[in-house]
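So the structure is just underneath, and the comments pick up after that.
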Amino acid sequence: MNITFLGHSCFSIEINGIYILIDPFITGNALASHIDISTLKVDYILLTHAHQDHVLDVEVIAERTNAIIVSNYEIATYYGAKDLNVFALNHGGTFKSDNFSAKYVNAIHTSSFADGTYGGEPGGFVISSKNRNIYIAGDTAVTMDMKLIPLSVKLDAVILPIGDTFTMGVEDAILASNLVECNKVIACHFNTFPPIEIDVNEAKNQFASKEKELILLQIGENLSL
Ligand code: NI
Ligand code: MN
């Protein structure tokens, strides 16, 4: 499993030559101006919720690649009405393909499209390949529901928001990593906009003081799991 950070909450995850894109918000992110969405390889687009900073580039990328958009019922219906390929889930449901599965799990947040359309209830994903499991929390507060995840899978890494204001901040992300029983945390949803700017060195130190690893990928940087 190869994970590439594409800025904000966007990641490309490669599993056996299949490319899964998470929450594409690239052309609206000044920090990600070196990422060219016209050359991204994409087979599936997984969307945690409908906010603009998670779906901005969905339509352009899906039209070019014919990728299958996997998300909650309302988001899938929204893009299905635009003649894009979709697979609708709801919480507790799992999308299965030959190379990976993606279970839609709870998040505490809101979800509406920029045009005001209801975007269903927000979620996160537990993505499993043959030998790796990761949890992408999406935009969320820390929640006791996270304790359910390690009851069924052993996580190799978790992707957590740490920017505070709209999601959990660093202290709650440390708590979340306890709940999901995984000390390898890849950070997202920080520093893109002024309300979520944080001191990343301080964040790293806070994690290290609890014997946890906070991985702060550069935009475009790859991590192999
Ligand atoms: Ni959001
Ligand atoms: Mn967001």
*asked:* Ignoring solvent entirely, what values of log10 I(q)/I(0) come out of the Debye formula for segment 167-222 at 0.16, 0.17, 0.22 Å⁻¹ when each Cα is a single scatterer?
replied: -0.47, -0.53, -0.87
*With label points built 7 Å along Cα→Cβ from the Cα atoms of ASP83 and GLU211, find their separation and express it in nm.*
5.8
*Counting only C-alpha contacts under 8 Å and six or more residues apart, can you give the relative contact order of segment 135-174 as a whole percent?*
49
*asked:* Residues of segment 21-44 with backbone nitrogen within less than 12 Å of a virtual label 7 Å along the Cα-to-Cβ line of PHE113, please, listed as ranges.
replied: none
*asked:* Under 16 Å between alpha carbons, and skipping anything fewer than 8 positions from LYS82 in its own chain: which aspartates and glutamates qualify?
replied: ASP57, GLU59, GLU63, GLU74, ASP115
_Assigned charges on the beta-carbon of Lys, Arg, Asp, Glu; segment 47-123 dipole about Cα centre (debye)_ = 260
*List, in the order given, every pair from LYS130/LYS210; LYS130/LYS204; LYS96/LYS130; LYS184/LYS204; LYS130/LYS154 whose Cα-Cα distance in the structure shown is over 20 Å.*
LYS130/LYS210; LYS130/LYS204
*Rounded to whole Hz and in sequence order, give me ³J(HN,Hα) for segment 21-35 from the Karplus expression 6.51 cos²θ - 1.76 cosθ + 1.60, θ = phi - 60°, writing x for Gly and Pro.*
9, 10, 6, x, 9, 10, 5, x, 10, 4, 6, 10, 5, 8, 8
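Express the Stokes-Einstein translational diffusion coefficient of segment 42-158 in µm² s⁻¹, to the nearest whole number, given a Kirkwood radius over alpha-carbon pairs, 20 °C and a viscosity of 1.002 mPa s.
149
For the ranges 149-157, 103-111, what's the packing order if you count other beta-carbon atoms within 10 Å of each residue, average per peptide, and put the highest first?
Details: 149-157: 15.4, 103-111: 21.4.
Sorting 149-157, 103-111 by mean packing, highest first, produces 103-111, 149-157.
Tell me, what is the FRET efficiency for VAL200 and LEU225 to the nearest 0.05, using R0 = 22 angstrom and their Cβ-Cβ distance as r? Walk me through the numbers before you get to the answer.
Numbers: r = 21 Å, r/R0 = 0.97.
Result of the calculation: an efficiency of 0.55.
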*Per DSSP, loop GluC sites (Glu not before Pro) in segment 166-221 with at most 15 further Cβ within 10 Å*: GLU181, GLU197, GLU211, GLU221
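Could you compute the net charge surrounding SER128? Neighbours are other residues with a C-beta less than 13 Å from the C-beta of SER128; K and R count +1, D and E count -1. Walk me through the numbers before you get to the answer.
Values: positive: LYS96, LYS103, LYS130, ARG132, LYS154; negative: ASP98, ASP156.
Taking every Cβ under 13 Å from that of SER128, the sum is +3.
Of all the Cα-Cα pairs you can form in segment 2-224, what percent are over 24 Å apart?
Values: 9023 of 24753 pairs.
Cα-Cα pairs in segment 2-224 separated by more than 24 Å: 36 percent.
Every number here is computed from the coordinates shown, using simple stated rules; none is lab data. Since we're looking at a predicted model, the values are computed, not measured. Counting neighbours? That spans all protein chains shown, and the Cβs are built from the backbone with ideal geometry, glycine included.
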